[in-house]
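Here it is, the structure in full.
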Amino acid sequence: MARPRKPLLSTDRIVGTARALVDAEGLAAVSTRRLAAELGVSGPSLYNHFRTKDEILEAVADSVSALVDLSMFEDARDWRTALHDWAVSYRAALRDHPNIVPVLARGPGRRPAALRLADAVYGAMVEAGWPPAQATSVGALMRYFIMGSALGSFAGGFVDDASAYDPADYPHLGQAHLLAEQQEKIDERAFEAGLTALLDGLALQYEQARATT
């Protein structure tokens, strides 16, 4: 009787396994030895696909960038609507894979999906009439905001123990112990409020830029 064959080792399989490890245990969990064990292969076989652990993490980061929807920059949506919809999609991808955010925050480097993302945003802004220098700033500003929102939860940072908020010391935090149980709702509301305020400000800058050209 023929023995069942092991699944072939591939770049996608390595990246998928590494991403699952990062999601479950954080960046420190990824090593070539651990990955080889998870994949059921010898350590050296990984080097046929990646030379270093850093290359693997870069590939994991790019696989998350590839999850971000870019279709809004290719259809008839105006620049503000496109930026809003893109920001929501981007944040959703980061929210699902928060442990890889520190790698993504380094910038796109040579990662293809990340470069396609940057190209799409910049190109759409220039085509919408933003001056090139300001289009660059718009992309940077949006990235700062989205990445920052993904680095941690505001509401989740408060413990659910009412005794931690002695009114003698913190007279305005009497309800702070309730924030954690409303974490998702509060964080979503804060993100939307911040995004709207940011886009309102950009709209004013856009009108000023158009008036001077």
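Given (i) 20.7, 79; (ii) 17.0, 50; (iii) 21.6, 78 as candidate values of Rg and Dmax of the Cα atoms in Å, which corresponds to the one derived from the coordinates?
Only one option fits the structure, namely (iii).
I'd like the distance separating the alpha-carbon centroids of segment 137-212 and segment 99-123, in whole Å.
Segment 137-212 and segment 99-123 have Cα centres separated by 23 Å.
Spelling out what I want: for every residue of segment 115-130, take phi, set θ = phi - 60°, compute 6.51 cos²θ - 1.76 cosθ + 1.60 (Karplus), and round to whole Hz; glycine and proline get x.
Karplus-based 3J(HN,Hα) across segment 115-130 equals 5, 5, 4, 4, 5, 5, 5, 4, x, 5, 5, 5, 5, 7, x, 6 Hz.
Using a 1.4 angstrom probe on heavy atoms only, work out the carbon and sulfur share of the accessible area of segment 90-213 in %.
Within segment 90-213, the accessible surface is 56 percent carbon and sulfur.
Using a 1.4 Å probe, what is the accessible area per residue for the chain, in Å²? Intermediate values should be presented prior to the final figure.
On the way: 12470 Å² over 213 residues.
Result: 59 Å² of accessible area for each residue.
What residues of segment 89-125 lie in the reach of a label at residue 164, counting those whose backbone N is under 16 Å from a point 7 Å from the Cα along Cα→Cβ?
Zone members listed by number: none at all.
Using a 1.4 Å probe over the heavy atoms of the protein chains, calculate the carbon and sulfur portion of the accessible area of segment 1-89 as a whole percent.
Numbers: 2750 of 5210 Å².
C and S fraction of accessible area: 53 percent.
About the Cα centre, and with charges only on the beta carbon of Lys, Arg (+1) and Asp, Glu (-1), how big is the dipole of the chain? Nearest 20 debye, please.
1240
The values are calculated or read from the model by the stated rules, or taken from the named source; none is laboratory data. No experiment lies behind these values; they were computed from the predicted model shown. Heads up, the Cβs are rebuilt from the backbone with ideal geometry, glycines too, and the neighbour counts pull from every protein chain shown. Accessible surface is based on the protein model in full, side chains and every heavy atom, while ligands, DNA and RNA are left aside. Shrake-Rupley method; radii C 1.70, N 1.55, O 1.52, S 1.80 Å.
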